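The values are calculated or read from the model by the stated rules, or taken from the named source; none is laboratory data. Because the structure is a prediction, the values reported are computed rather than measured. Neighbour counts are summed over all protein chains in view; Cβ atoms, including those assigned to glycine, are modelled from backbone coordinates with ideal geometry. Surface areas here come from the heavy atoms of the whole protein model, side chains and all, with no ligands, DNA or RNA. Shrake-Rupley method; radii C 1.70, N 1.55, O 1.52, S 1.80 Å.
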Amino acid sequence: MTAKKTNVQLGIIGGSGFYQMPLAKIINEHSIKTPFGDPSDHVTEMDIHGKKVFFLPRHGKGHRFTPSEVNYRANIHALKELGVTHLIGLSAVGIMLEHISPGYMVIPDQLYDRTKGIRASTFFGDGVVGHVSFADPFCSPFRELMGSSANSITPRVHMGGVYVCMEGPQFSTRAESQLYRQTIHPAVIGMTAIPEAKLAREAEMCYGMLALATDYDCWHESEEDVNVDAVIQVLKENSVTANQVVAQIVANLPATWQCSCQSAAKNAIMTDPRYISQESREKLKILYGKYLEDIS
């Protein structure tokens, strides 16, 4: 069955070094309580090119939460409550390929999960079992739009590749970094795409990652090992370009969109409806209310 068209609403989750968007006009701030707790911060409603966009700093203003402490479920749920259909995740990443250099924009097409399982990575559970497809974790047509938008701003764009997501907050050991390069052959390494991408898929959002390459991790023999000072310096130098790229993505987004991501959870719920409590139905109403009604 062909997916129906839906009205587009963009959301942006800003990562390290990307806490605000100076090119945007601030319209409002939303303080949202979700069934999964509080998001990292207020959600800022902005105007970019005459379009409404919602922005949330992943680590909170002032960078208060480690990658493991971020309440990813609350962040995604809050944006879902505001009607977000398309989500850009911005993330500072280490470089794992020789030909990518600091300052590049990387738009990965695959994920490899090396987190430790301490992050809540699903909206299901507590009496409701569901499974969604995650073979291709990033929305392909959205990625293509992001890529063409980025290429119109800067030639320093790398399309595709694997994003290895590690737990952190420590950076990799040299042994780990070399092992990833030899076995997984990733493009970049970061700490936040998991479980953000998983939850965005469960929330039926088109999700794309704009990864800001800052360093060579610790595998490169002729480059310094990654450190916070170097990461921040590259992010500062690249923030203007990153903002321009995001603004161009906003300008290029159509008013409506047709994609299977927007019905990713349609047949996901396996639990017999007789065993789904009213409390669980209420908790999942924003996400799956339309499906829970169908299986009542």
| Across the stretch 221-257, which residue is surrounded by the most Cβ atoms within 10 Å (Cβ to Cβ) among those that are of a type in the set (S, T, N, Q) and modelled with pLDDT of 95 or more? | Q248
| field | Whichever residue in the stretch 151-166 is over 18 Å from the mean Cα position of the chain (by Cα) and part of a loop (DSSP other than H, G, I, E, B) and, among such residues, is nearest to E69 (Cα to Cα) | value | R156
| query | When both residues are 6+ apart or on different chains and their Cβ atoms are under 6 Å apart, which pairs have a first residue that lies in the stretch 219-248 and is under 16 Å from V106 (Cβ atoms) and outside any helix (DSSP H, G or I), and a second that is open to solvent by 80 Å² or more (accessible area, probe 1.4 Å) and at pLDDT 75 or above? | reply | V226/F171
| said: Looking at the stretch 103-125, can you tell me whether even one residue there is modelled with pLDDT of 95 or more and more than 21 Å from the chain's Cα centre (by Cα)? | reply: yes
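Any idea which residue in the stretch 26-42 is nearest to A203 (Cα to Cα), counting only those that are open to solvent by 80 Å² or more (accessible area, probe 1.4 Å) and of a type in the set (D, E)? Walk me through it before giving the result.
The initial filter retains those residues of the stretch 26-42 that are open to solvent by 80 Å² or more (accessible area, probe 1.4 Å), namely 26-27, 29, 31, 33, 38.
Filter once more, keeping what is of a type in the set (D, E): 29, 38.
Details: E29: 22, D38: 17 Å.
Ranking the qualifying residues of the stretch 26-42, first place goes to D38.
Condition test on A203, is it modelled with pLDDT of 90 or more, in contact with a Ser or Thr (Cβ under 6 Å, 6 or more places away or on another chain) and open to solvent by less than 10 Å² (accessible area, probe 1.4 Å)? I'd like the intermediate steps shown before the answer.
Numbers: modelled with pLDDT of 90 or more: yes; in contact with a Ser or Thr (Cβ under 6 Å, 6 or more places away or on another chain): no; open to solvent by less than 10 Å² (accessible area, probe 1.4 Å): yes.
No; evaluated as a whole, the condition is false for this residue.
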| request: Would you mind telling me which numbered condition in (1) in a helix (DSSP H, G or I); (2) open to solvent by less than 60 Å² (accessible area, probe 1.4 Å); (3) over 30 Å from G125 (Cα atoms) A211 fails? | output: (1)
| query | Across the stretch 100-142, what is the total count of residues that are of a type in the set (F, W, Y) and open to solvent by 40 Å² or more (accessible area, probe 1.4 Å)? | reply | 3
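The rows are residues; the columns are (1) within 30 Å of C218 (Cβ to Cβ); (2) touching a Gly at 6+ places or on another chain (Cβ under 9 Å); (3) basic (K, R).
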| residue | (1), (2), (3) |
| --- | --- |
| G62 | yes, no, no |
| F65 | yes, no, no |
| V70 | yes, yes, no |
| L87 | no, yes, no |
| S91 | yes, yes, no |
| E98 | yes, no, no |
| P102 | yes, no, no |
| request: Just name the residue that is least open to solvent (accessible area, probe 1.4 Å) out of those in the stretch 167-198 that are part of a helix (DSSP H, G or I) and among the polar types (S, T, N, Q). | output: S177
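Residue under question is S148, and the condition is that it be surrounded by fewer than 18 Cβ atoms within 10 Å (Cβ to Cβ), over 16 Å from the mean Cα position of the chain (by Cα) and part of a helix (DSSP H, G or I); does it hold? Break it down into steps so the answer makes sense when it comes.
Values: surrounded by fewer than 18 Cβ atoms within 10 Å (Cβ to Cβ): yes; over 16 Å from the mean Cα position of the chain (by Cα): yes; part of a helix (DSSP H, G or I): yes.
Judged against the criteria, S148 is a match.
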